[in-house]
Structure formats: C-alpha cells, structure tokens
Amino acid sequence: MTSAQLTESLKSEATRLGFALVGVCPAVAPAGLGRLREWLDRGYSGQMDYFQRRREAYEHPSSVLDGARSILMLGTQYLSTEPRPTSAGQGRVSRYAWSGFNYHDLIHHRMELLIQNLKRQEPAANCRAVIDTAPLMERDFAAFAGLGWQGKNTLLLNKSLGSWFFLSALLTDVALQGDPPFAADHCGTCTACLDACPTAAFVQPQVLDANRCISYLTIEHRSSIPTELRARMGDWVFGCDVCQDVCPWNRKPEPTSDPGFCASKELDPLKLDELFFLTDEQFRARFRKTPLWRPRRRGLLRNAAIALGNQHARSSIPALSRGLIDPEPLVRGACAWALGCMADRAATTLLGDRLAQESDTEVRAEIEAALLKSTAQRDPAAL
C-alpha cells in the first residue's frame, strides 16, 4: 500500500467514525512556536503552570511521540441546539460541555479505533492519540493540515463548521501524504469577537490574556476571581461562548447529529441554587464524569456564587447563606461577595453574623467589603 493509499484509507475510516474534519501534515516544528514563547513570557497563561513546565516539549512533536513523522489532525463537531435563556438562579455553561459526557473519553475511544485500523495496515506503526492534554500546538498543525485558519479570538475557524468543534491529533511514525496548508485568513476586517469580549481579554488579534478570560477564570483559575472582573462574568459558571456566538462564521454550521453531543436540559442552563445543598458525594456523582469536574466542587460553587451575585435575586439568599458556612474558604468568600451585591437587610445580617465567626483572613476581607457594599446600596447616606 502506498502512502497516498494508506492516507486515504485512514481519512475514510476517520469520517466513518464520526470525525467531521480530517487533514494530514508532517510532524515538524510548529510555525507558531515563537508566538507561544512570547505569550508565556508576558504571563498570559495565568495559573496554567503546565505550559511553562512543558515549554521545551512544544518545540517538536517528537516530544509527544518519539520518531513522529506524520500528524492526522481531526475535528469533532459539538454544536447542538441554541442556548435556552437563563432566569434567576440559573447559570450558563459553555456549549461544548452540554452533553454531560467527558468529550475526552468519547473522542479517545474513536481515536483508538482509528489507531487499530492503522495498525492492521501497518503492524509496526507507533501511534499516540492526543486530545488537548499533551504539549502539541494543535491549532498550528490543524492549519498546516488544511483544516482552517486561526481567528482573531485565537480559535481555529473552518468555513463549514465555524469554530464549533474539538481538535484532536493522531501522531504516528508512519509517513502519510500531507494536505495543502490553509494559508488564507478569512476574518478580514471583522473584530466582532474582540469587541464582544465582556472582560476585554484580547490584547490584540490572536493574542488572549487568559488572566482576563471567562473560560479560564471559571475552569482553570484556582483562587479567588479578581474583584474587578466578577460583575463582567454575568451568569457564566463554566466556560464562555461569547466570542464564538458573535462570529459570522459560526452562523452557518448546522447542528451535529452525533448522539454523543446532544444537549442535556440539566446543563442548558444549570440550576445554581441547588448546588449549595449537595453533599460531597452527591456533587461527585453528578459531575465526576463531565467536563464540569475540572474546576472541582470548590471552583464550580465559587463560579455559581458570582453568577448569583450578578443576578441580584433575593430568592438565592438561602443558597448563598449555605455557601457562607461552606468548609472551603474559596466558596465562603465568593458567597460573601454575592450577598454584598444584594440590597437586602437579611443579606447584611447574614454577613455580619458570619464576620463574628470567620477566621480566614481573605474571607474576612471579602465579608467586610461586602458589608460596605450592601449597606451602601440600601442606605447610601449611612456611609
């Protein structure tokens, strides 16, 4: 079997397995390596220390698979239905997590079947499947494999699918026939994604400061969210789709028929108040096998508290009062801030009572600031 025949055979099998995009490129040093280094040097990776720890590994795909010669880049569409509107006590979850399944598991299973197909044709082949967990610049290689171009919001854009897809890569030491790189940029003068970002996270086109990105803040950031960004987060509790929602290229794609990415009514939107009354065991049972487990219980409750504070709904005070006595200081601090957003005497009383008992320095500072804010909202003349 020739390289061209093997490549076509793999592409056909990938399509049969449910991959919407398939392209091949050689395993070489990524074109954007310099941009990555500059991004890291400017501190734009936030608390994602794994980028710095694996900095040198990004220099060549051989760090991911020894002897890598080719990369089969794959796209899995996840676009389902349009988001349902949120009301008081509910929060928004990024579309990619709506199914309630861990997309890594689903895609990895399909890629293992693809590897088996390759090894039936090339028994000596070494392979590795990667789904955004290894030091590989997937977007650079996806463009190199002809799948699309990097948009101004840093995401890969495809003419047919927009940006509503996951990227994954199959690395192998077998020589496959490469596809023509995607050299064009079809964003033109459009700046919709940059203009719409609630937290002004884009330093410039194609440069994202993760420290200000709602997706980063709700998923990867482990400590308290900066006070000046909380109100801008709106009702997002896991991820953010704003820069994708406004992209003109994302108006064209039809929803996927893939059953693995059907939206769950429990996640679109997510009921927030009830989360504060779940036991650790109940919380783990509900989210352990979903993308929402990434920030863990403490992170998700922190996010939920901020969303509830932004809604100013008195009906959420019981849930926030429960969070105010949570074992996790991170949760208590976020709930204190949220209660401070309520122009409500009951919220002020709760904060005052908790301050008398609170021993954590950071949480005490949150409560004191919340008391000042709550008092000012109810009676500006009292200050």
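Odds and ends about this structure:
- Among the candidates A263, A200, residue that is assigned to a loop (DSSP other than H, G, I, E, B) and without any contact (Cβ under 8 Å) to a residue 24 or more places away in the chain: A200
- Filtered residue count, the range 43-58, keeping only those that are in contact (Cβ under 8 Å) with a residue 24 or more places away in the chain, farther than 12 Å from L136 by Cα and surrounded by 12 or more Cβ atoms within 10 Å (Cβ to Cβ): 5
- Of residues in the range 365-383 being crowded, with 18+ Cβ neighbours inside 10 Å and modelled with pLDDT of 95 or more, the one nearest to H312 (Cα to Cα): A370
- When A14 is tested against the conditions (1) assigned to a helix (DSSP H, G or I); (2) over 18 Å from L156 (Cβ atoms); (3) in contact with a helix residue (DSSP H, G or I) (Cβ under 8 Å, 6 or more places away or on another chain); (4) open to solvent by less than 20 Å² (accessible area, probe 1.4 Å), the lone failure is (2).
- Take the conditions (1) assigned to a loop (DSSP other than H, G, I, E, B); (2) touching a helix residue (DSSP H, G or I) at 6+ places or on another chain (Cβ under 7 Å); K289 misses just one of them, which is (2).
- Residues within the range 266-286 that are closer than 28 Å to I107 by Cα, open to solvent by 80 Å² or more (accessible area, probe 1.4 Å), touching a residue at least 40 places away in the same chain (Cβ under 8 Å) and not in a strand (DSSP E or B), tallied: 1
- Test: residue in the range 123-130 that is buried (at least 22 other Cβ atoms within 10 Å of the Cβ) and of a type outside the set (A, V, I, L, M, F, W, C): no
- Of all residues in the range 225-249 being out of contact with any Cys (no Cβ under 9 Å at 6 or more places or on another chain) and among the β-branched types (V, I, T), the one that is surrounded by the most Cβ atoms within 10 Å (Cβ to Cβ): V237
- Index of the failed condition, R35 passing every other in (1) surrounded by 14 or more Cβ atoms within 10 Å (Cβ to Cβ); (2) farther than 24 Å from S9 by Cα; (3) in contact with a helix residue (DSSP H, G or I) (Cβ under 7 Å, 6 or more places away or on another chain): (3)
- Residues satisfying the stated conditions in the range 198-224, i.e. buried (at least 19 other Cβ atoms within 10 Å of the Cβ), closer than 23 Å to W98 by Cβ and over 15 Å from the mean Cα position of the chain (by Cα): T199
- Some residue of the range 320-330 being closer than 26 Å to S99 by Cα, open to solvent by less than 80 Å² (accessible area, probe 1.4 Å) and hydrophobic (A, V, I, L, M, F, W, C): no
- Check on A97, among the hydrophobic types (A, V, I, L, M, F, W, C), open to solvent by 60 Å² or more (accessible area, probe 1.4 Å) and in contact with a Phe, Trp or Tyr (Cβ under 8 Å, 6 or more places away or on another chain): no
The values are calculated or read from the model by the stated rules, or taken from the named source; none is laboratory data. The structure displayed is predicted, hence computed values, not measured ones. Note that each Cβ is placed from the backbone with ideal geometry, even for glycine, and that neighbours are counted across all protein chains shown. Note: accessible area is taken over every heavy atom of the protein model, side chains too, but ligands, DNA and RNA are not part of it. Shrake-Rupley method; radii C 1.70, N 1.55, O 1.52, S 1.80 Å.
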